[in-house]
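Report on the following structure.
The values are calculated or read from the model by the stated rules, or taken from the named source; none is laboratory data. As the structure is a prediction and not an experimental result, all values here were calculated from the model. Cβ placement follows ideal geometry from the backbone for every residue including glycine, while neighbour counts extend to all protein chains displayed. Heavy atoms of the whole protein, side chains included, go into the accessibility calculation; ligands, DNA and RNA do not. Shrake-Rupley method; radii C 1.70, N 1.55, O 1.52, S 1.80 Å.
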Amino acid sequence: MNRKSNLFALFAIVAAFAIAVAVSAQSSAPQNALPHLERRGNATQLVVDGKPYLILGGEVHNSSSSSVEYMKSVWPHLAAMHLNTVLLPVAWETIEPREGQFDFSNVDGLLEGARENNLKIVVLWFGAWKNTFSSYAPAWVKTDLDRFPRVQLSDGRGTERLSPFSTNVRDADARAFAKLMAHLRDADRNNHIVLLVQVENEGGVIPESRDHSAAAESVFKSQVPSALTAYLEKHRGALEPELRSAWEAAGAKSAGSWQEVFGAAPLTDDLFMAWQYATYTDRIAAAGKTEYALPMYANAALIRPNYQPGQYNSGGPLPHSLDIWRAGAPSLDFFSPDIYFNEFAYWAGRYARPGNPLLVPEAQGGAAGAANALYAFGRLAAIGFSPFGIDDQGNAPLDLVGITNPSERPDGAAIAAVYDDLAKLSPLVLEKQSSGGITAVLLEGEAQRSARANIGDYIATVSRGSGTSGNRIAATFLQTAPNEFLVVGAGDTQVTFSTDKPGLPIVGIESIDEEFFENGNWTPRRRLNGDENSQGQALKLYSTDLPQGRIYRVRLYRYR
Ligand code: DGJ
């Protein structure tokens with residue numbers, strides 16, 4: 001070893017020791033502790049049965065989990081796609097069909113199905129809201145408009161959305177959710193099939209920017225709660241930029257009505273609704289956690305370009321209102337984006353923030369999903385990724401992903417292949433998310449011809465080949481030694497290496513081996529040289545699941 005390698009090795013040992021001490025100090029939870037979030041080195045990770053866990057997930061269609069029978073053929077299919085976790089709805093109407101009478105046979109059947117197939121579950125609580133509407137509330141709630149009022153439009157008409165300003169709605173929702181969590185505690189506390197709970201689904205109000213019911217109007221005219229203004233003052237330097245600008249443009253006041261504090265603009269209606277949905281959801285989550293304290297989160301439908309509050313879900317946990325949700329919903333552990341748009345890196349990056357680990361509960365599937373998953377885990381230390389509609393291998397509504405011909409709907413092969421890779425790599429991915437030595441590159445569209453990332457002393461440049469128009473491409477790099485990396489990719493591409501560090505200026509490829517994971521060990525198979533690595537100039541990655549393998553060990557050297 002030369003002097004530089006010695007120094008790197010020494011540094012690596014010291015860093016590993018420091019992280020081991022830090023991690024062990026934070027991992028005092030017993031082996032049988034509940035699934036929980038834990039800060040481990042650089043990342044906040046989900047810890048299950050004493051070990052960090054990557055959610056290689058998929059969300060089933062909304063109605064699939066209403067039938068245990070229907071799910072019987074779905075579970076093995078998802079396990080074969082190398083998922084380890086299924087995100088599935090549990091509906092209020094299913095567990096409390098008559099007020100005060102609970103039926104958990106559906107929940108028990110789902111737990112059993114998951115257990116038999118060695119899968120975990122993230123429960124999605126479809127309580128008062130699902131996509132802003134209240135279609136999963138039980139009939140006894142839906143039909144009692146006096147007791148359970150709806151969001152009202154400015155012309156006085158009602159909508160099919162329960163009002164977040166109604167304490168009757170909130171208390172009935174909280175009671176049902178608490179019963180569900182108590183049941184999960186009794187049924188699952190020793191098995192830990194259920195890892196996380198999403199509280200409600202894509203809340204917010206449409207088609208206007210706020211609720212105009214009498215209760216809502218009266219709150220809108222009153223003072224912004226001091227708990228919120230105190231939060232803004234305390235966290236002023238770290239507020240999300242849109243919120244900070246609105247508050248500062250209105251004079252950064254510590255008291256006043258909503259329009260006085262945030263200005264007389266549509267965004268203020270959105271912030272007002274965000275506080276209401278946040279404090280409501282907090283009460284639901286707190287009631288559930290009193291029974292069984294699993295980590296909980298809320299998810300957001302994102303904003304199409306140029307949409308105004310009310311055209312998008314006004315009040316949802318969107319990037320510009322994350323601080324409002326943090327202040328109003330301390331019982332929620334984090335907030336998640338449902339990303340069907342092509343600007344995956346932008347949206348995911350807005351949620352992968354200190355104190356907010358990234359879980360993408362809904363996303364495009366297919367080849368695009370495979371690339372996005374690699375980026376989320378490799379670049380943003382995600383705890384989980386989950387294409388929507390995984391049970392039929394479809395994904396977003398066709399118009400959202402720009403597909404006009406249904407036969408072009410992507411299948412699940414790309415996701416299955418990337419999850420297969422990630423399942424094998426997950427101990428290393430988790431270790432590197434915590435200690436450093438992992439990165440990823442994502443090329444999102446035709447115009448983006450190449451992108452680079454620094455890792456160790458090297459720069460990896462991922463370039464779009466001529467025949468790859470528009471395809472989404474990603475590569476994840478894991479550093480295993482000063483000059484050695486494991487690389488996994490999605491999409492047809494090639495990777496070149498360079499350096500901007502002092503020392504010898506040119507980077508050469510010493511070797512590339514395709515690696516297989518067999519019997520718990522990494523085993524090299526073919527040595528890729530000649531045409532297979534462009535005469536030593538590049539690592540080639542392929543979108544198809546080649547029989548010869550998809551994970552590569554690359555060794556580099558430097559020369560002048
Ligand atoms: C977003 C919702 O959260 C899901 O439940 C589902 O309705 C999808 N949209 C459909 O694309």
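Among the residues here, residue 551 qualifies as surrounded by 15 or more Cβ atoms within 10 Å (Cβ to Cβ) and β-branched (Val, Ile, Thr). Restricting attention to the stretch 188-206, the residues that are among the hydrophobic types (A, V, I, L, M, F, W, C), within 16 Å of the ligand (Cβ to nearest atom) and surrounded by fewer than 24 Cβ atoms within 10 Å (Cβ to Cβ) add up to 1. Taking the stretch 132-159 as the range and being open to solvent by 20 Å² or more (accessible area, probe 1.4 Å), within 28 Å of residue 297 (Cβ to Cβ), of a type outside the set (A, V, I, L, M, F, W, C) and out of contact with any helix residue (DSSP H, G or I) (no Cβ under 8 Å at 6 or more places or on another chain) as the test, the residues that pass are 135, 142, 150.
A search for C-beta distances below 6 Å between a residue of the stretch 413-440 that is touching a residue at least 60 places away in the same chain (Cβ under 8 Å) and over 18 Å from residue 458 (Cα atoms) and any residue that is among the basic types (Lys, Arg) and outside any helix (DSSP H, G or I), counting only pairs 6+ apart in sequence or on different chains, returns 421/550; 434/40.
Let's see how each residue does on (1) open to solvent by 10 Å² or more (accessible area, probe 1.4 Å); (2) among the small types (Gly, Ala, Ser); (3) farther than 19 Å from residue 170 by Cβ:
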residue	(1), (2), (3)
249	yes, yes, yes
254	yes, yes, yes
270	no, no, yes
274	no, yes, no
281	no, no, no
285	no, yes, no
291	yes, no, no
298	no, yes, no
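Tallying residues that are hydrophobic (A, V, I, L, M, F, W, C) and in a loop (DSSP other than H, G, I, E, B) within the stretch 479-524 yields 1. Within the stretch 347-387, the residues that satisfy the criterion of being open to solvent by 10 Å² or more (accessible area, probe 1.4 Å), closer than 21 Å to residue 491 by Cα and at pLDDT below 95 are 364, 367, 368. Each residue in the stretch 46-83 was checked for being over 20 Å from residue 296 (Cβ atoms), in contact (Cβ under 8 Å) with a residue 12 or more places away in the chain and aromatic (Phe, Trp, Tyr), and 1 of them qualify. Criterion first (of a type outside the set (A, V, I, L, M) and out of contact with any strand residue (DSSP E or B) (no Cβ under 7 Å at 6 or more places or on another chain)) does residue 521 satisfy it? Judged against the criteria, residue 521 is a match.
Residue count for the stretch 207-242 satisfying the condition of being closer than 26 Å to residue 362 by Cβ, surrounded by fewer than 21 Cβ atoms within 10 Å (Cβ to Cβ) and more than 20 Å from the chain's Cα centre (by Cα): 4.
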